[in-house]
Amino acid sequence: MPTDNSQFTIPEGELFGRLGTSASGLSSEQAGRIAESAGLNVVAAGRRQGAVLDLLDRCRNPLVIQLLVIAVVSYLLGDLRSTAVVGGMVFLSVVLSYVQEARSSRAVERLQKLVKTTVTVIRDGRETEVPLEEIVPGDLVILAAGSLIPADLRILSAKDFFVTQSALTGESMPVEKNADAAQPANRAAFECTNACFMGSNVLSGTARAIVVATGARTYFGSLAAKLLARREATSFDQGVRGFTWLMIRFMVVMVALTFVIVGLTKGNWTEALLFALAVAVGLTPEMLPMIITVCLSKGALMMARKKVIVKHLNAIQNFGAMDVLCTDKTGTLTQDHIVLERYVDVTSRPSEDVLRYAYMNSYYQTGLRNLLDRAILAHTDLDVELNCGKVDEIPFDFRRRRMSVVIDYEDRHVLICKGAVEEVSSVCENYQVDEDINPLIRLIRDDLMDEYRTLSAQGYRVLAIAYREFDRAKQAFSVADESELILLGYIAFFDPAKDTAGRAIEALSRAGVAVKILTGDNELVTRKVCGDVAMTVTRVATGPQLAALDEAAFAREVDEANVLARLTPDQKERVIQVLRSRGHVVGFLGDGINDVLAMKAADVGISVDTAVDVAKESADIILLERSLLVLEDGIIEGRKVFGNIVKYIKMGASSSFGNMFSVVGGAYFLPFLPMAPIQVLVNNLLYDFSQTGIPLDNVDPDYLKRPRRWNIGSIQKFMVFVGPISSIFDYATFGLMLFFFRCRDLGLAAPARLAARFASAAGPDHTYAAALFHSAWFVESLVTQTMIVHIIRTQRIPFFQSRASRTMTLTTLAVMAFGAWLPFSPLAPVLGLVPLPAAFFFWLAGIVATYSILTHTVKRWFARRFGLD
C-alpha cells in the first residue's frame, strides 16, 4: 500500500512510537530487525524476473510467436519432424538468449555495484553512511542539496528546503517542504507539505526527516510499473521494431504466394502448406532478439573493462552513435584538484580577514559542499572562531549564484555572503580595507572587475566575499537581506589543466565526436583552460547572450559555439534539446545537481561514480574514472556492439530477399519442390546456429572511425542490391543439377545401395532425382549463406585484410562441414537427403568462390555509392 496521510498528520512522538524509533534514530540492532520484515529498500517492479516469467516474456516477441504458431500447425498436420525442428529454433532463440543474457547480466550487475548510492542516517546516535537499499522505516535521514529522497519521508526540521518531483508529477518547478505537522486530515499524502517521496531529489536547503515507508510500499513503488515503462524508445529500438514487422509482412506475402504456386503447380495442397510454413521459418530473423541482447550484454562487459559501467543496456547504441559530447570543464579538461591560491582585499593585498570570513561561510553552510568549499576548508591552520552559533542560512541557487550564512559573531548577527563576483558586488554598497569602510564607487567597482577579468583570463576561478551586520534581535533572514553588503575582497582558485585532456579531445575528434564545453563558470576562465589543453575555440557564447536571442538565433549560436559559459541549468537543458532537434546524437557528462536536467534531456546521460546521488541515478553510463580517454574507449565499444547487430540484420535481410526469388521461381518451374519442408527447416536451423558467434566478432577499425546510427533505408537498399546475388547462384545450382547431373529426368536410376529406398516413389518429390536435387541445393544454399557472412561482415578483403573472430570462424566452419556431411550421414534418410557425387563439390567450390568475389565487388560498390552505414 502507498503511504497514507496519517503518517504526516499525527504528532511526532506518536509517529516515533508507531515506527519504533526515537529522536536519536535507530540502533544498528533495531535496523537489522526491521530490515528482516520490511525487506530491502528497492522497488519490486525493477527487480529481475524469475526464470519462468523471463522465458515467457521472451516468447511474446512477434518472431517467436510466429515460430510457435508454425510448430503448432505442423503438429496438427502430422509433421512431427518439422515440429521438432521449429521447436529447436525456438529453443535456440529463446533459451540460448536467456542463458547468455542471464550470465552477462549477473556479471554486469556485479560491476554496477561498484557505483554505490549512500544515504546519511543517524544510527546508534551518530551520523553514518549506509547503502540506499538498506534504509528501513524509522531511520532518521539527513538531507542536503544534491541528495536523493531515499524513501517516503516525513520532514522533522527543514531550512529553505526545496525538492523537485518531476519524476513523479512531470512538474519541473521545485516545491518547498517544511516540518509543519498541522496538515488537514483530508489532505492526500502527496499534497502534504511535510512529506517527501522516493523518486524526488533535493534542489537546495537542508532537512532532517524520518523514513515512513520503503521499497514497494512507497508512493513511487505503487507507480513503479508505469514509471519504469515510460522509457522512450530510442531510434535503434524503433528501427529494430520496424525491421521486424517489415520482415513479418514480407514473410506473410511470400508464404501466401508460395502456397498458391506450389498448390496449383504440384496439386498437393497439404504439401504446399507445409512447404509454405517452412519458407516462413526460413524468412524469419528469429535470432534477432538473441543477437541483440547478447551483443548488448557482452558490450556492457567489455565496456566495464574500460572503466565504463552501463546502467541501461539500450544506451550502448546511442553511446556509439553519439556525435556531440557536451561536458563541463572541471575534472574533464582540468585535474579536478582545486587549490586556493589567493585571498586579497579590494586593493589586491593579502587579507586574513577575507580568508577567515570565507572559511566561516564554508564551515557553517549545510548545503552541498563543492570543491571550492573543500579547498577553503583545507586551511586548517587558520585562526578562526568556530564556536559561533549559527542563526540562519540562505542557500545557493543558480539564479543568484551566491549563498549566505548568518552567525552569532562578536555580539552581532553577521551575514557572510560568498559567490560569483558580479552577483555579490551588485548587492554591495561599501568596501572594507583593514578597518576602514568606504563607499563602493564606480571607479573602485571597475578596478575590481578589471582584476577579476585578468585573473579569469589566467585561469583562476574567482569568488567575492562580503558581509553585513544585524542586530541580534533579528532571527529570520531571506534573500532580501543580501543587500547593502560590505565587500571584503575576493578569493582565487586554480585547477590545473589535465595532461591527457588534449590527447583525449583529439582522439574524440578523430572518432567523429565534437566536444562542446557547457559550464556555469565564466568565459575567460573557460577560454584559458581550453587553450591549455590545445582545444580550438571556434566561438564562445554566454548564458546572458543566449537569453536575449530568439529561437532561430539561439539554435545558430549553439551550433557554431563550442564553448558555452555562464549557463544556468535550464539553459544547459535547452542547449541539449536544440542540438538534438538539429539531428545530433548528444551525450552529456555531468556530476552535479545543475547537470541533471541536461543529463535527462540528452540521448546519453553520463556521470562519474563520485557524482552527487541524483546525477548518478539520472545517468545511463557511469565512468569509474573521470577522463575523456575512458569515454572514448567506451564509445568505440558501443560502436562495436552496434556494428555486430547490424551485421546480422544485413545478412538476414539480404538472405531472405534472395531466397524469395529462388523459392518462388523453383516452386513454379521445377517438377518437384525445390527443397523438402524438413530440409528447409534444418537448413535454417543450422544457419541460425552459425550466427551465434556474431556478438563476439571483430569489427574493422574503419567502421569505428565515426558515429554509426540506425539507417533502415541503407539496410533496405543493401537487401535489394546484395540479396538477389544469392539467387543467381541458386539458379546456377538448379541448372547444374537439372542438366549436368540429369535431375530433370524423374526416372533417373538411384545407386544400387539406394534402389530399395526409391523403388516405390509416391510422386515426383519422392524420386531419386528430386532427392539428389534437394541434397545439392541444401548443401549449396547452406554453405554459400554461411560463407557469405565473412564477405558481408567487412568492407575490406575478407580473410586477408579482415578476419572474423575465432568463435565466429569456428561456428561457421563447423556448420558448413556439418551441412556437407549430412547427405552422407545416418540422418540422411530421415531428412530425405542422398549422398552427392564427388564432382558436385568441385562445382560447389567454384560457385562459392565466384559468389564471394561477386558479392565482395557489389558490396564495395554499394559502400562507395551509398556509404558504409
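The values are calculated or read from the model by the stated rules, or taken from the named source; none is laboratory data. Since this is a predicted model, take the numbers as computed values, not measurements. Neighbour counts are summed over all protein chains in view; Cβ atoms, including those assigned to glycine, are modelled from backbone coordinates with ideal geometry. All accessible areas refer to the heavy atoms of the entire protein, side chains included, with ligands and DNA or RNA removed. Shrake-Rupley method; radii C 1.70, N 1.55, O 1.52, S 1.80 Å.
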DSSP bridge orientation in the chain - percent antiparallel, rounded to nearest 5: 75
Under 5 Å from the placed amide H of Val119, counting only residues 5+ away or on other chains, we find Val130, Leu132
Which residues qualify? For Ser200, with a placed amide H closer than 5 Å and at least 5 residues away or on another chain, they are Ile149
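Suppose R0 equals 22 Å. What FRET efficiency, 1/(1 + (r/R0)^6) with r the Cβ-Cβ distance, do Glu36 and Glu133 give to the nearest 0.05? Walk me through the intermediate numbers first.
Numbers: r = 14 Å, r/R0 = 0.65.
Using R0 = 22 Å, I get an efficiency of 0.95.
Can you tell me the FRET efficiency between Ala480 and Ile712 if r is taken as the Cβ-Cβ distance and R0 is 51 Å, rounded to the nearest 0.05? Write down the numbers at each step before the final one.
Numbers: r = 58 Å, r/R0 = 1.14.
Given R0 = 51 Å and the Cβ-Cβ separation, E is 0.30.
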Any idea what the relative contact order of the stretch 277-421 is, in percent, if you count C-alpha pairs under 8 Å spaced at least 6 apart? 13
If all Cα-Cα distances of the stretch 671-810 are sorted into 5 Å bins from 0 onward, what percent lands in each bin, rounded to whole numbers? 2, 8, 14, 16, 16, 13, 9, 8, 7, 4, 2, 1, 0
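Express the relative contact order of the chain as a whole percentage, based on alpha carbon pairs under 8 Å and six or more residues apart in sequence.
Normalised by residue count, the contact order of the chain is 12 percent.
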As a test question: what accessible area, to the nearest 10 Å², does Asp57 have when a 1.4 Å probe is rolled over all protein chains in place? 70
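Considering only protein heavy atoms and a 1.4 Å probe, what is the carbon-and-sulfur percentage of the accessible area of the stretch 695-763?
Details: 2150 of 3540 Å².
Here carbon and sulfur together make up 61 percent of the probe-accessible area.
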Relative to the chain, whose Cα atoms define the longest principal axis, helix 80-90 and its Cα axis are tilted in degrees, nearest 10, by 20
Could you report the accessible area of Phe642 in Å², rounded to 10, computed with a 1.4 Å probe on the protein chains as they sit in the structure? 10
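Pairs of Cα atoms under 8 Å, at least six residues apart: use those to get the relative contact order of the stretch 416-494, whole percent. Each step should come with its number before you reach the end.
Details: 115 pairs, mean separation 35.1, N = 79.
Rounded, it is 44 percent for the stretch 416-494.
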In cubic angstrom per residue, the convex hull of the stretch 247-390 built on its Cα atoms measures 219
Please list 3J(HN,Hα) in residue order for the stretch 855-861, calculated via the Karplus relation 6.51 cos²θ - 1.76 cosθ + 1.60 where θ = phi - 60°; whole Hz, with x for glycine and proline. 5, 4, 5, 5, 4, 5, 4
In nm, to one decimal, how far is the Ser22 label point from the Arg753 one, both placed 7 Å along Cα→Cβ? 9.2
Each residue of the stretch 823-834 in order: what ³J(HN,Hα) in whole Hz does its phi give by Karplus 6.51 cos²θ - 1.76 cosθ + 1.60, θ = phi - 60°, with x for Gly and Pro? x, 9, 8, x, 7, 4, x, 5, 8, x, 9, 9
For the stretch 779-788, Karplus couplings with θ = phi - 60° (6.51, -1.76, 1.60), whole Hz, Gly/Pro x: 5, 4, 5, 5, 5, 5, 4, 6, 5, 5
What is the Cα coordinate range of the chain on the first, second and third principal axes, sorted by size from largest, in whole angstrom? 119, 62, 44
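Using only the heavy atoms of the protein chains and a 1.4 Å probe, how would Tyr98, Tyr668 rank by accessible area, largest first?
On the way: Tyr98 55, Tyr668 155 Å².
Reading off the accessible areas and sorting them downward yields Tyr668, Tyr98.
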Heavy atoms of Cys59: accessible area, 1.4 Å probe, square angstrom to 10: 40
Cβ crowding within 10 Å averaged over residues, with 356-363, 509-516 ranked highest first: 356-363, 509-516
From the protein chains alone at 1.4 Å, what is the descending order of accessible area for Glu36, Glu129, Glu632, largest first? Glu36, Glu129, Glu632
Can you give me the three principal axis dimensions of the stretch 797-841 from its C-alpha atoms, in Å, biggest first? 41, 24, 10
In nm, give the distance between the simple-model label positions of Ala473 and Leu55, each being 7 Å from the Cα along the Cα-to-Cβ direction. 8.0
Under a 5 Å amide H to amide H cut-off, with H placed in plane at 1.01 Å, what residues pair with Arg342 once short-range neighbours are removed? Ala492
In what sequence, largest accessible area first, do Val72, Val529 appear using a 1.4 Å probe? Val72, Val529
Using alpha carbons only, how many degrees (0 to 90, rounded to 10) separate the axis of helix 677-690 from the longest principal axis of the chain? 40
Roll a 1.4 Å probe over the protein chains and send me the accessible area per residue for the chain in Å². 41
Apply 1/(1 + (r/R0)^6) to the Cβ-Cβ distance of Leu246 and Arg860, taking R0 = 25 Å, and write down the FRET efficiency to the nearest 0.05. 0.45
